[in-house]
Amino acid sequence: MERTLSIIKPDGVAKNVIGDVIRRFETKGIKIAAMKMLQLTKTQAQGFYAVHKERPFFNSLTDFMTSGPIVVMVLEGEDVIAENRELMGATNFKDAKEGTIRKDYATDIEKNVVHGSDAPETAAFEIKYFFNDLEIQKR
Ligand code: CMP
């Protein structure tokens, strides 16, 4: 069993697709082990995306991520990191396959609706960033 962090970004929440994103996870048998809605401060967004701090898009990305509420979830399942990335589609929606979340809803490389951890180490860091142990359901 593996865990990953999923975020429905401010553009996804604004587009009213929270339910559609969650439906796609549940249809695949992915379990939601934790979930909450919140709005990040600039400092919190910078901490979350610290690996990108030298990138030219860092300031714009962290501004965007604080621009409205987000939904953060811990997803659980076999190979869920890869499965979630498959469901999301490529970071750049122009490269995303048909039927993926980003192909259907993203409008921009930055405003790409969802985030998902890319490896077990990043998943562990990202889950801890938003949830303590007591907030994650054990099965
Ligand atoms: P995400 O999966 O959340 O990880 C980093 C984010 O940076 C990415 O999705 C995009 O929203 C954003 N981003 C903005 N510009 C770029 C870029 N040129 N390359 C990659 N990611 C970018």
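Where a number appears in this text, it was derived from the coordinates with a stated rule and is not lab data. In this text the structure is predicted, and so the values were computed from the model without any measurement. Glycine also receives a Cβ, built like all others from the backbone with ideal geometry; neighbour counts cover every protein chain displayed.
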Between region 2-42 and region 80-105, what is the C-alpha centre distance in whole Å?
14
Where labels lie 7 Å past Cα in the beta-carbon direction, separation of ALA14 and LYS128 in nm:
3.3
1/(1 + (r/R0)^6) with r = Cβ-Cβ of ARG139 and HIS52, R0 = 35 Å, i.e. FRET efficiency to nearest 0.05, evaluates to 0.60
Run the quick spin-label model on ALA82 and GLU121: label points 7 Å from Cα toward the beta carbon, then report their separation in nm to one decimal.
1.9
Would you kindly state the longest site-free stretch of the chain, with sites defined as GluC sites (Glu not before Pro) in a DSSP loop (not H, G, I, E, B) surrounded by at most 14 other Cβ atoms within 10 Å?
1-53
Relative contact order of the chain: what whole-number percent is it, with Cα pairs under 8 angstrom and at least 6 residues apart?
37
Lysine pair count for region 41-139 [Cα-Cα under 19 Å; pairs on different chains or 8 or more apart]
9
